[in-house]
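The values are calculated or read from the model by the stated rules, or taken from the named source; none is laboratory data. In this text, all values refer to a predicted model and were calculated from it rather than measured experimentally. All Cβ positions, glycine included, derive from the backbone under ideal geometry; neighbour counts span all protein chains shown.
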Amino acid sequence: MASDLAIGAAIAQSTPPGTTVPRHVAVVMDGNGRWAKRRYMPRYFGHKHGVDTLVRAIDLFADRGVEYLTVFAFSSENWKRPSDEVSGLMGLVLVAVSKYLDKLHRDGVRVRIVGDRSSVSEKLLQAWDRAEKLTEGNRRITLAVAFNYGGRWDVLQACRQALAEGLKPEDLDEGELTRRMALGFAPDPDLFIRTGGEMRISNFLLWQAAYSELFFTDCLWPDFGAAEIDAALRAYALRDRRFGGVDADSPAAQRA
Ligand code: FPP
């Protein structure tokens, strides 16, 4: 059983209630395919524009004070897509690294890749390694790219690590697990955004998003610009974050 202390420590990793700019924003970048289809173009065209949108979004979020941005680039389930789309997405990552890595580095972005690396090509692993090494000293914003990532995989791999390290069942608590999760270096996401009109979590950050504020928008990812970012941040600033407790001063508590 996790102690109150361990639960408190896990919650304390998130932004304290009352802080209006989220420290950590997580995004499901959905809608690239539909965006391309509306233009009578192949899905790859949408993903390519999605990368450009992401690069602009990193800068916009950083300018607004967000410290961590985690994006869902390829899920454990995306292997089920047609093989040309899967290989297109893999190739796009390589193109994106060679096109944008220097810019991200100049802009003070620290890049981290999170996900299951076991079924990813050597070429991709090398590109990620280069991106992570080059940018590891940057602190303006941390971009975590979730690739071949699934929330259930993440919980499982953290448990496996703990077992392999010989942790006793009575010593396993929320803090021990959190440290072994793929985003163990970051606070929990404060704001979870999904573009593209669907209202699902889709196996993204299941553990870490326990107390995230959710924001869903119909905007398709390639169209997600400054106005949409500001709308999401404004909505977040109006939320009452209570982490399962009651804040006597909160508008919600006063209405009750
Ligand atoms: C969902 O749109 C989007 C994806 C599965 C991929 C998102 C990836 C990128 C934006 C590229 C990221 C690349 C790097 C280098 C970080 P969808 O295809 O499901 O769109 P749809 O719902 O309209 O079909």
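Details
- For the stretch 218-229, a residue qualifies if it is touching a residue at least 40 places away in the same chain (Cβ under 8 Å) and either assigned to a loop (DSSP other than H, G, I, E, B) or polar (S, T, N, Q) (or both), and the qualifying residues are Cys219, Leu220, Phe224, Gly225.
- Any hit, the stretch 23-39, residues being small (Gly, Ala, Ser), within 14 Å of the ligand (Cβ to nearest atom), at pLDDT 95 or above and in a loop (DSSP other than H, G, I, E, B): yes
- Residue within the stretch 76-90 that is closer than 28 Å to Glu228 by Cα, polar (S, T, N, Q) and either outside any helix (DSSP H, G or I) or at pLDDT below 95 (or both) present: yes
- Which numbered condition Pro187 misses (of (1) buried (at least 19 other Cβ atoms within 10 Å of the Cβ); (2) in contact with a strand residue (DSSP E or B) (Cβ under 6 Å, 6 or more places away or on another chain)): (1)
- The single residue among Gly115, Gly50 that is at positive phi, modelled with pLDDT of 95 or more and crowded, with 16+ Cβ neighbours inside 10 Å turns out to be Gly115.
- Any chance Asp188 is charged (D, E, K, R), under 15 Å from the mean Cα position of the chain (by Cα) and outside any loop (DSSP other than H, G, I, E, B): no
- Each residue in the stretch 51-68 was checked for being away from the ligand (no atom under 11 Å from the Cβ) and not acidic (Asp, Glu), and 8 pass.
- Selected residue (criterion: farthest from Arg152 (Cα to Cα)) from residues of the stretch 180-217 that are touching a residue at least 60 places away in the same chain (Cβ under 8 Å) and of a type in the set (S, T, N, Q): Thr195
This table checks each residue for (1) surrounded by fewer than 16 Cβ atoms within 10 Å (Cβ to Cβ); (2) modelled with pLDDT of 95 or more; (3) in contact with an Asp or Glu (Cβ under 8 Å, 6 or more places away or on another chain).
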residue: Arg179; (1), (2), (3): yes, yes, no
residue: Arg194; (1), (2), (3): no, yes, yes
residue: Gln208; (1), (2), (3): no, yes, yes
residue: Asp218; (1), (2), (3): yes, yes, no
residue: Ala226; (1), (2), (3): yes, yes, no
residue: Arg234; (1), (2), (3): yes, yes, no
residue: Arg242; (1), (2), (3): yes, no, no
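- Where a residue in the stretch 159-173 is small (Gly, Ala, Ser) and its partner, wherever it lies, is not in a helix (DSSP H, G or I), with Cβ under 6 Å and at least six apart: Ala162/Leu172
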